[in-house]
C-alpha cells in the first residue's frame, strides 16, 4: 500500500472477519467499522468520514529513515513515506499499529504479509525491501517500493458516469491483463490473494501496475498448470494464523460466495478468479458487483452471488456484451462454472481485445426461428456453433433453400438497409451466434479510421445496388416477367 488515497467506492465496510457459529448472530454482529482482522483501506460512512479507527499516532521510524508524512492508514497498520538515508531513495514504510488485542496473532499476520509479498518477485507485485522493528514501540514494519500514482478504483471512478469508448476501455483492460499476470504467478507459487479489488491495485504515474495488500493471502497448493519449475512460497509455520471454518475474510462488495459463507476450506484459486471477475465487472459498470443499504444486505447477496447484469445497472456505460459475459462467468456461484484458470480468463479477455467485444453472443435451442420472413431486420448473425436451415414460405408450403454451418453469415442486409427479411432461418441444432447491429459494428470500427471508411463505402455501395435490384425486379414484374428473388441464404 503506497501513496494511495484512503477512500473506497462504497459507504459500508471494506472487510470483515466474524466467527459464524449461528447465522443470526453473525449477521447481526458484522462490524460496520474497520475490520477486526486485517484492513489496509479504512471503512467510511455514508458521508465519507473514516470510522472505526483510533486517532492517528505518529511512531518514529528507525534512524535510517527520515519521516516525510503519512501515505495512508488501515484498520491495523499505518503507511508512511520515508527517505532511506543509506540508499538515498524514498520508500513506503508500513508498520503494525498495536491494538492491545491478540498482539502475537496480529504481528504474525503482518509479518506473513511481508514474507509472502517479498517472495512474490513479479513486475506487477509490489517489491518488499526490508523487515524490522520500530524502536519506539517494538511493532514490526517493512519497507516497500513507493508508488507514485493512483489506485485502479480512482481510475475507474474518473469515467464511471461516462459511456465506455474503445480508447478508454483499452486503457482499463491493459491494467486488467497485468493484474491477471500477477495473480496467475501468485497461484503458480501457491498463493491466493483473497481480496482482489480495484482499491488494491496501484497504477503508477508511468503506467506500471502493482497488485497490493497481500495481508489476508491464503497459502495453498501451487497451481499444477502453471507451477512447473517455480518454487512455492514458504511461510514459517509459527507465523501462520489459523482460521476456523465460519470466519469471513475479504471485501464484501467483491466477495465470492465461499468467502461470504465462511467456508475457509473451499478457498482456492477459484476465489481469486471470482475477484478478477468482480474487478472486470467494476471497470465495465463503474460500480462493484453488489450494493445494499447495509453490510447484512450485501453479505446476503454475496452468499448467493446475486449480481445484476452490467446492462441493468449501468446502461449508460454501453459496455461490450462479450466482456460483460466474461465477467459474469468468472463470478459464477459454483466454482466449477468459473474459468478454470486465470490464464483462461485472460485469454477470453484478450480475444475480445482483438475485436468483436461489442457483438453479443446468443444461444438458441434447436427449432428456434432466429429470423422470420417478412419482418423488419435490425441485425446480422455470424454462426459460431451448430447448423441452421434457410427456408421460404410459398403458397403456405415451406421451401428449403440452404443449410448454414459455423462461420457463415445470415441477415447481413439488415445492417445496411431497412428491407424486410426475404427468408426465414431456423436453428437445426442448438446454435451459438454473434449478433451484429449497425451500432455495434460502428463501435467496433471506432479508432480504425481506414477500416471504418472501407466498410462504410462497401455498405453504401451495397445499399445502392440492393435498391437498384429491387427497382428492376418491380419493373420486370409490372411488365409480366417476375423474377425469382429467392437468395441462396437470408439477406
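Considering (1) modelled with pLDDT under 90; (2) in a loop (DSSP other than H, G, I, E, B); (3) more than 14 Å from residue 122 (Cα to Cα), the lone condition that residue 195 does not fulfil carries the number (1).
Scanning region 185-196 for residues that are at positive phi and within 18 Å of the chain's Cα centre (by Cα) yields one hit, 194. Within region 429-447, does at least one residue satisfy the condition of being part of a loop (DSSP other than H, G, I, E, B), outside the structural domain of residue 169 (by TED's automatic domain parsing) and closer than 22 Å to residue 374 by Cα? No, because not a single residue in region 429-447 is part of a loop (DSSP other than H, G, I, E, B), outside the structural domain of residue 169 (by TED's automatic domain parsing) and closer than 22 Å to residue 374 by Cα. Within region 368-390, the residues that satisfy the criterion of being in a strand (DSSP E or B) and surrounded by fewer than 18 Cβ atoms within 10 Å (Cβ to Cβ) are 369, 376, 384, 385, 389. Report whether or not residue 336 is surrounded by fewer than 19 Cβ atoms within 10 Å (Cβ to Cβ) and in contact with a helix residue (DSSP H, G or I) (Cβ under 6 Å, 6 or more places away or on another chain). Answer is no for this residue.
Checked against (1) over 29 Å from the mean Cα position of the chain (by Cα); (2) closer than 22 Å to residue 254 by Cα, residue 135 meets all criteria but (2). Please find, within region 63-86, the residue that is farthest from the chain's Cα centre (by Cα) out of those that are part of a loop (DSSP other than H, G, I, E, B) and modelled with pLDDT under 90. Among them, the one singled out is 76.
The values are calculated or read from the model by the stated rules, or taken from the named source; none is laboratory data. Remember, it's a predicted structure, so these values are computed and weren't measured experimentally. With ideal geometry, Cβ positions are generated from the backbone for all residues, glycine too; neighbour counts draw on all protein chains shown.
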